[in-house]
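Since the structure comes first, as structure tokens, the remarks are kept for the end.
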Amino acid sequence: MKQEYQDLVLQACGASSLRVGAKIQTLWSGYGEIVRLHLEGCDRPSVVVKHVKFPEEAEHPGGWKTDRSHTRKVRSYQVETHWYQNYSTSQSCRIPACLAACSHGDEMLIVLEDLDAVGYDQRRTSVKDREIKACLSWLAHFHALFLDVAPEGLWPVGTYWHLETRPDELEAMDDAALKAAAADIDKILSACRFKTIVHGDAKLANFCFSPSGQDVAAVDFQYVGGGCGMKDVVYFLGSCMEEKQCEKRVPGLLDSYFAELKVAVKKDVDFAALEREWREMFAYAWTDFHRFLLGWMPGHWKINRYSKQLTKEVLHKLKR
């Protein structure tokens, strides 16, 4: 790590020295890495640094290496930096504090609080009911906090699969009926009366758990922006449950999400109207993500019977 970046961290944290620790992960398509830095001489034992460096040749697991793809990723890191520097949340939807950020040429650096050091040191590849509900509670409080808040400096429409930013994937789709309906589905979602700020990539891997699994924090805000809260909910549920679990458990989990949302929203919100609208949007949001997957990676495990059934219902509604 460059000396100027080390100096930035030392100054931001009031530390006397640092040691570069383990690499936590490589960023998508080889756009840099996330590393832990161990500190001396300050009250923080460590910080996490997201170090973005645009590659000369991007590596994409799906083969999507285009100028449009690169431009979207560059914008996503600019949005994430703006998010961390200008937005804050509550303990009910915990995120890491941003301690410093800078950009220079083809590099960007975001210095974040180390969530492991403050009690969110667990990651999950599979989850029990309690942990799913903890994540849905996080999303409900996040959506309530930003209800009717304009996404200034963020994506006008959040989520990484938003139709306007994914024309290549739409073109690659074989499903002619869904391809023809994609713009209408997007319009319906965008016409929601109740809008919030969505996380935009709320998969299980982006939640950090307490040892008990009852408390969570979220990371990775590259695709945070405006939209209907159901987009986050369907993406999260699809990230941690297979089709049979979805068929059996989604109704009860949606009830749990809306119970948390009701507690969290301001009292002047017409909650009955909000719940009615967002429940109606559930199938549209699921179908919207299904549309992206069909073009991006048609063999993906999330393309299953449950997704196909919801899509069939939505297409039927649109024909009426």
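The values are calculated or read from the model by the stated rules, or taken from the named source; none is laboratory data. Since the model is a prediction, treat every value here as computed from it, not as a measurement. Heads up, the Cβs are rebuilt from the backbone with ideal geometry, glycines too, and the neighbour counts pull from every protein chain shown. Side chains included, ligands, DNA and RNA excluded: accessible areas come from the protein's heavy atoms. Shrake-Rupley method; radii C 1.70, N 1.55, O 1.52, S 1.80 Å.
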Which pairs do you get when a residue that is of a type in the set (S, T, N, Q), found in segment 10-33, comes within reach of a residue that is assigned to a strand (DSSP E or B) and open to solvent by 50 Å² or more (accessible area, probe 1.4 Å), reach meaning Cβ atoms under 9 angstrom, with the pair 6+ apart or on two chains?
S16/E40; S17/E40; Q25/E33; T26/E33
Taking A217 as meeting all but one of (1) in contact with a helix residue (DSSP H, G or I) (Cβ under 7 Å, 6 or more places away or on another chain); (2) open to solvent by 10 Å² or more (accessible area, probe 1.4 Å); (3) within 29 Å of D121 (Cβ to Cβ); (4) modelled with pLDDT of 95 or more, write down the number of the exception.
(2)
Subset of segment 170-210 that is in contact with a Ser or Thr (Cβ under 9 Å, 6 or more places away or on another chain) and assigned to a loop (DSSP other than H, G, I, E, B) - its residue that is surrounded by the fewest Cβ atoms within 10 Å (Cβ to Cβ)
K203
Leading residue by the ranking (farthest from A202 (Cα to Cα)) among those in segment 283-317 that are of a type in the set (V, I, T) and assigned to a helix (DSSP H, G or I):
V314
Inspect all residues belonging to segment 59-81 and state whether any of them is closer than 29 Å to M297 by Cα, modelled with pLDDT of 95 or more and either in the same structural domain as D220 (by the TED database) or touching a Cys at 6+ places or on another chain (Cβ under 9 Å) (or both).
yes
Might you let me know whether segment 101-110 holds any residue that is under 23 Å from K50 (Cα atoms) and out of contact with any strand residue (DSSP E or B) (no Cβ under 9 Å at 6 or more places or on another chain)?
yes
